[in-house]
Structures are given as structure tokens and as C-alpha cells.
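Worksheet for the structure shown next.
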Amino acid sequence: VKNRQKTGIDYRTANGYFVRNDVAEHGFFSEKITDSLRFAELFGMAATMDTRPSNIDFANEFIAAIVLPVTDTTTVIRPDSIIWSGSETEVYYSIETGSKQSYTIRPCFLIIISLQYYVAFTAIHTSH
């Protein structure tokens, strides 16, 4: 599903991936990822019988990744807007939290963006 923001940037959400357990926990981080090797270092596939992970074409797209610290609270990262300023892609996002769980998660949000917007990437948390 493609979404069109006011800025005219087309993007897709990468579904079916999780932060690998062997990625060091240093709290929040955001990263632009342009190749499958780096992507595989950070994320694993979470395929189920009903869903497949999103296809990413690193020849034409990059990933804007937002990763939060480990938590035992249900957490969802939502993009508020994606802006192309002419020199960087800015992803404004909010975080929704819910109830405590009996297990921990490492929330992440992966956005697939055309390489034409690849210069710099900034993740900006907006409060709601």
C-alpha cells in the first residue's frame, strides 16, 4: 500500500520484520539503510503462514528505520508526516503505548522510500 503525504513523497511500510536479538541494545536509534547486507545485520524476517515480509528493492529504494528501546509495554510507532526538504528526508513520528505485557519487544518501524530522496534522513519524534 502506497501512501502519499503532502510533500509528494511516496513511501511504503516494510512489514514482517523484527529487530534481531543480537543487535546491541543502546536505546533509540534511527538509520538509513541502502543495502541488503546491512539490513540483514539488523532485522530478521517474521514470516507467517498468512503473511510474507515486504519486498525491498535496494537498487531503487532505501529503508528509513526507527528502533525504540526494549519494553514490556505494547508500543506502536506511527508516521505523522514524511517531508522532503530538498536536502534530506524528515520522518515525523509519534509513539502510542498501551498495556504491560508478560514479554518484552523492541518496537521498530521501517519505511521504504525511493532512492531519489536519499541524501540524509532524520527521525523526529512528535508528541501527541
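Could you check, for the range 53-69, whether at least one of its residues is of a type in the set (Asp, Glu) and open to solvent by 70 Å² or more (accessible area, probe 1.4 Å)? It would help to see each step written out before you state the result.
Applying the first criterion (of a type in the set (Asp, Glu)) to the range 53-69 yields 57, 61.
Then drop every residue that is not open to solvent by 70 Å² or more (accessible area, probe 1.4 Å), which leaves none.
Taking every residue of the range 53-69 in turn, none turns out to be of a type in the set (Asp, Glu) and open to solvent by 70 Å² or more (accessible area, probe 1.4 Å).
Of all strands (runs of 3 or more DSSP E) completely enclosed by the range 52-110, which ones contain at least 3 residues that are of a type in the set (Gly, Ala, Ser)?
Numbers: elements: 61-67, 71-84, 89-105.
Answer list for the range 52-110: 89-105.
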field: Subset of the range 74-102 that is closer than 21 Å to PHE43 by Cβ, among the hydroxyl-bearing types (Ser, Thr, Tyr) and at pLDDT 95 or above - its residue that is least open to solvent (accessible area, probe 1.4 Å)
entry: THR75
message: Can you report the number of residues in the range 32-52 which are open to solvent by less than 40 Å² (accessible area, probe 1.4 Å) and either basic (Lys, Arg) or closer than 16 Å to ALA120 by Cα (or both)?
response: 1
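If you scan the range 17-31, which residues turn out to be assigned to a strand (DSSP E or B) and open to solvent by less than 80 Å² (accessible area, probe 1.4 Å)? Before the answer, list the steps.
Residues of the range 17-31 assigned to a strand (DSSP E or B): 17-19, 29-31.
Listed by number, the residues that qualify are TYR17, VAL19, PHE29, SER30, GLU31.
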- request: Please identify the pairs in which a residue from the range 1-17 that is farther than 12 Å from VAL91 by Cα and among the basic types (Lys, Arg) has its Cβ atom under 7 Å from the Cβ atom of a residue that is in a strand (DSSP E or B) and at pLDDT 90 or above, counting only partners at least 6 apart or on another chain.
  value: LYS2/ARG12; ARG12/ILE112
message: Looking for something in contact (Cβ under 8 Å) with a residue 24 or more places away in the chain and in contact with a helix residue (DSSP H, G or I) (Cβ under 7 Å, 6 or more places away or on another chain) - is there at least one such residue anywhere in the range 79-101?
response: yes
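The values are calculated or read from the model by the stated rules, or taken from the named source; none is laboratory data. Given the structure is predicted, the values throughout are model-derived calculations rather than measurements. Note that each Cβ is placed from the backbone with ideal geometry, even for glycine, and that neighbours are counted across all protein chains shown. Ligands, DNA and RNA are stripped out before the accessible areas are found, and what is left, the full protein with its side chains, is counted by its heavy atoms. Shrake-Rupley method; radii C 1.70, N 1.55, O 1.52, S 1.80 Å.
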